[in-house]
Amino acid sequence: QVQLVESGGGLVQAGGSLRLSCAASGRTFSSYAMGWFRQAPGKEREFVSCITYSGSNTYYADSVKGRFTISRDNAKNTVSLQMNLLKPEDTAVYYCAAAPTDATNPLAYHYWGQGTQVTVSS
């Protein structure tokens, strides 16, 4: 019903930057909350950031506050995650997801992208 495709992952040195993008297609997207999650080997999938389409409210995990910025472009049906000052502990597969309401629980998100790998090293 909603298709999400992430792009922009890759290999970057610590302290560098990457910009992840999520392109949406299918049903009307404007009323969905959008979230970014990540999962590293041996770790649970964790909340990174989310953004609502009414009120332009944004939320971030404590581990990424001040370094990551979530944004949207409704005209292009895209959501982005600008990641600055990357750390090795940011290494994970990053997933874009859509939910009917603002939430940090992965189970609240009905639609998921395929994920994109982010690797941070020296």
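The values are calculated or read from the model by the stated rules, or taken from the named source; none is laboratory data. Quick caveat: nothing in here was measured; it's all calculated off a predicted structure. Neighbour counts run over all protein chains shown; Cβ positions are idealised from the backbone, glycine included. For the accessible areas, the whole protein counts, side chains as well, though only heavy atoms, and no ligand, DNA or RNA atoms are used. Shrake-Rupley method; radii C 1.70, N 1.55, O 1.52, S 1.80 Å.
Just to confirm the filter: which GluC sites (Glu not before Pro) across segment 1-53 are DSSP coil and have at most 13 other Cβ within 10 angstrom of their Cβ?
In loop regions of segment 1-53 (DSSP not H, G, I, E or B), the sparsely surrounded GluC sites (Glu not before Pro) are E44.
Between S121 and T58, what is the FRET efficiency for a Förster distance of 22 Å, r being their Cβ-Cβ separation, to the nearest 0.05?
After rounding, the FRET efficiency stands at 0.20.
Which of rounded, prolate or oblate describes segment 51-90 when judged by the alpha-carbon gyration tensor and an a/c cut-off of 1.5?
It is oblate, given that a/c is not under 1.5 and a/b is not larger than b/c.
With the full set of protein chains in place, find how many percent of the accessible area of segment 32-95 is carbon and sulfur; take the probe as 1.4 Å.
47 percent
In terms of modelled amide H atoms, which long-range or inter-chain residues lie less than 5 Å from the amide H of G115?
E6, C96
Which of the cysteines found in the chain have nothing to pair with, since no other Cys Cβ lies under 4.7 Å from theirs?
That list is C50.
What distance in nm lies between label points placed 7 Å from Cα along the C-beta direction at K43 and A14?
Placing both labels 7 Å along Cα→Cβ, they lie 1.5 nm apart.
Counting Lys +1, Arg +1, Asp -1, Glu -1, what net charge surrounds T52 among other residues with beta carbon under 13 Å of its beta carbon?
0
Find how much the distance from R67 to S7 grows on full extension, using 0.36 nm per residue of separation minus their present alpha carbon separation; answer in nm with one decimal.
19.7 nm
Calculate the FRET efficiency for N105 and S25 from the Cβ-Cβ distance with a Förster distance of 25 Å, rounded to the nearest 0.05.
Result of the calculation: an efficiency of 0.50.
What does the net charge come to around L11 if you take all other residues with beta carbon closer than 15 Å to its beta carbon, with K and R at +1 and D and E at -1?
Here the charged neighbours net out to +1.
For K65, list the aspartates and glutamates whose Cα falls under 15 Å from its own Cα; do not include residues on the same chain fewer than 8 positions away.
E46, E89, D90
For the chain, treating each Cα as an identical point scatterer without solvent, what Debye log10 I(q)/I(0) comes out at q = 0.19, 0.20 1/Å?
Cα-only, vacuum Debye calculation for the chain: -0.97, -1.07.
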